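The values are calculated or read from the model by the stated rules, or taken from the named source; none is laboratory data. It should be emphasised that the depicted structure is a prediction, and the values quoted were computed from it without experimental measurement. As a convention, Cβ positions derive from the backbone with ideal geometry for all residues, glycine included, and neighbour counts pool all protein chains shown. Ligands, DNA and RNA are excluded from the accessible area calculation, which covers all protein heavy atoms including side chains. Shrake-Rupley method; radii C 1.70, N 1.55, O 1.52, S 1.80 Å.
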Amino acid sequence: MHLDGCVEVEAAYYGAPPGWIGRRVHVQWNDAHVRLIDPLSGQLLREHLRQQRGHHRIQEQDRPTRTPLSTQQLAAPKPPDRILVLCAGPCIKTWAKKRCAASSKKYGVASTDEACALGLETRASHYHFVRRYLEHNPQLPLSLRQVDPLIRQLTLYRDLIESRTQSSKQENPS
């Protein structure tokens, strides 16, 4: 479980009850639900509806009662960062440019742009989404993506192995 009290399942985040931050839980999920289970007793702690990548699901009773208004406003859904940055002050623009420049240097311009585009498309318009996407979907450098003409596609090797094993089974039936 993350320090924010959420469990990550396929890049979506699900809140646990208070007191479970930093503790291990068992997680079960299917297409519709995510279930958090106490690993010792097997008791169901929380059941959430599945969320899109980058989204959070936290039950109302699990939210702190004394959250400052400014924090609630920061946590509320926002317009895409691009729009926010265009309307924001100079410090926000500088911060956003530095974040993008750092990601571009580390992961490449194309990968960073792809991550930002996906974030805007899925309305996960925060830097945390972009960073996590880049960390979990590394792109190979162009030099490694080029295919050597001497190396055949993996499917050809797979088909060859399958045909050889089938022919040997036919020759030597058990």
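Before moving on, here are some points about what is shown:
- Picking from residues in the stretch 15-35 that are open to solvent by less than 50 Å² (accessible area, probe 1.4 Å) and touching a residue at least 40 places away in the same chain (Cβ under 8 Å), the one that is farthest from residue 52 (Cα to Cα) is 17.
- Contact map, the stretch 88-102: first residue under 17 Å from residue 130 (Cβ atoms), second residue modelled with pLDDT of 70 or more and surrounded by 12 or more Cβ atoms within 10 Å (Cβ to Cβ), Cβ cut-off under 7 Å, separation 6 or more or different chains; pairs are 99/127; 100/112.
- Of the residues making up the stretch 141-165, those that are open to solvent by 100 Å² or more (accessible area, probe 1.4 Å) and modelled with pLDDT under 65 are 142, 144, 145, 146, 147, 149.
- Residues that are in a loop (DSSP other than H, G, I, E, B) and surrounded by 11 or more Cβ atoms within 10 Å (Cβ to Cβ), drawn from the stretch 5-14: 5, 11
- Taken over the stretch 36-50, the residue count meeting the criterion of being of a type in the set (D, E, K, R) and without any contact (Cβ under 8 Å) to a residue 24 or more places away in the chain is 2.
- Here residue 86 meets each of (1) surrounded by 14 or more Cβ atoms within 10 Å (Cβ to Cβ); (2) modelled with pLDDT under 60 with one exception, condition (1).
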